[in-house]
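Coordinate-derived values only; no laboratory data. The structure presented is a predicted model; accordingly, all values stated were derived computationally and were not measured. Every residue, glycine among them, receives a Cβ derived from its backbone with ideal geometry; neighbour counts consider all protein chains shown.
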Amino acid sequence: MISIHTCEFTMETNSKNFNHLLSCAYKMAKKHHRVGKSTKYSSSDVRVDANLSSKGITMEYHNYEYRKMIKIIANPSKVLGGNDLKIWKPNIYNIENFLDSLNEYITDYFDYDYDINNFALTRIDFTVNLDVGKKKVPEYICLMHKLGKVKGFSSKYSKSDYASGRSNKETSFDLKGKTNNIEFTVYDKEADLIEQNKLELAKKAKGILRIEIRLMKRPAIIKTLSDYTKDNALTAEEEFTILALNCKQIFNEWLVKIIPYGNFYSLKDAQSLIIKSELKKSKKEKMLQLINLIPTKKSFYLANKELHTRNIDALLLCFAALNVSPITISKNKKTTFLPNLYDYFE
């Protein structure tokens, strides 16, 4: 089931109002909690109010030099009473419940001066949990790293990020859009929860491979909405509803651009299946060239570039027809076969 894991709403305001609202947050915090300075950012002063964190909502006050922003970051599953592992099923009923609950918390937080429609939808994360089995999770992540560069994307983390421990290559694969404001990640959910010290929940996440596609900025939201509506004057609630109702289609449209369809085989077995197929000789030759180039170039995109294939989509359809992925399993792996990732989708 494809769902929404995180959404972000942003309101820009002037310095006077920003300082007033931040001051109100500090006054409320004295009774129950504290407003802390975020350590996740370096480009600006960000204050985080965790007053509603138990409800799945975090308030952030971004104090840029020339821009003052207040962000609401919500996890719909938690807002609806679930947890980080059990994702919710977007439908008209659940979407309305989520927005009603979120609005109730927000209006109360701002003493009814603001509601969610005073904010703009600036981020939304589409997600799916695939129960592939504990042993297969790292194997799939390893195969994802063989994708390397993907057209329109680059690696989110550098070699120095992996060396410094900022990211763990064994537990996640992450891409960042060059101009589209999209992020893509495949990661080990159990390892992620252990890192957050959520050990009891982590036990329930064994064997879960999580995939997320994130629209990270307002332009990505607007562009995606344009595929489903021509109305440019929607409220934040209306925008969220449209994206939530179409989350499966939005997720799949990006997924197929990144992960080729097909079972994963060793190079030798993939070659054999292609050679024995009834495809035209010219197609077979191109397919064999591609699967041989990918391990050398360590990138599906660079291999295709080297191959000078005019229509890579047509070639990928040939792989899909055989249910063979062009990404092959390394010789040093004990595993020689992994099922098509798309087979795990409901």
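Measuring from label point to label point, each 7 Å out along Cα→Cβ, what is the Leu199 to Met1 span in nm?
3.0 nm
Restricting the calculation to Cα positions, tell me the Rg (one decimal) and the Dmax (whole number) of region 196-346 in Å.
For region 196-346, the Cα-based Rg and Dmax read 19.6, 56 Å.
Expressed as an acute angle from 0 to 90° and rounded to the nearest 10, what is the orientation of the C-alpha long axis of helix 15-32 relative to the principal long axis of the chain?
90 degrees
Taking the convex hull of the Cα atoms, report for the chain its projected area averaged over all directions, in nm².
So the mean shadow area of the Cα hull is 19.6 nm².
Can you give the FRET efficiency for Ser164 and Glu96, using 1/(1 + (r/R0)^6), R0 = 41 Å, r = Cβ-Cβ distance, to the nearest 0.05?
Working from the Cβ atoms, E equals 0.40.
State, to one decimal in nm², a quarter of the convex hull surface area for the C-alpha atoms of region 264-344, i.e. the direction-averaged projected area.
Orientation-averaged projected area of the Cα hull: 5.3 nm².
Hey, what angle do you get for helix 236-245 against the long axis of the chain, alpha-carbon based, 0 to 90 degrees rounded to 10?
Tilt of helix 236-245: around 30 degrees.
Could you let me know the centre-to-centre spacing of region 117-131 and region 154-203, using Cα atoms, in angstrom?
17 Å
Using only the alpha carbons of region 126-258, what is the convex hull's orientation-averaged projected area in square nanometres? Numbers along the way, then the final one.
On the way: hull surface 36.7 nm².
Computed as one quarter of the Cα hull surface, the answer is 9.2 nm².
What do you get for the angle between helix 136-145 and the principal long axis of the chain? Use alpha-carbon atoms, 0 to 90 degrees, nearest ten.
Approximately 80 degrees, to the nearest 10.
What number does region 1-146 give for Rg over Rh if you use C-alpha atoms and the Kirkwood radius?
Checking Rg against Rh, the ratio lands at 1.04.
Which semi-axes, in whole Å and largest first, does the equivalent ellipsoid of region 92-172 have when worked out from the alpha carbon gyration tensor as the square roots of 5 times its eigenvalues?
The three semi-axes for region 92-172 are 38, 18, 13 Å.
Under the classification rounded if a/c is under 1.5, otherwise prolate if a/b is larger than b/c and oblate if not, where does region 184-283 fall, given a ≥ b ≥ c as square roots of the Cα gyration tensor eigenvalues?
On the way: a/c = 3.64, a/b = 1.29, b/c = 2.82.
Oblate shape, in that a/c is at least 1.5 and b/c is the bigger or equal ratio.
For Lys156 paired with Ala320, estimate the spin-label separation in nm (one decimal), with each label point 7 Å from Cα along the Cα-to-Cβ line.
Placing both labels 7 Å along Cα→Cβ, they lie 2.5 nm apart.
Kindly put Tyr26, Tyr61, Tyr66, Tyr344 in sequence by how many other C-beta atoms sit within 10 Å of each C-beta, fewest to most.
Values: Tyr26 14, Tyr61 22, Tyr66 5, Tyr344 17.
Starting with the residue having the fewest Cβ neighbours, the order is Tyr66, Tyr26, Tyr344, Tyr61.
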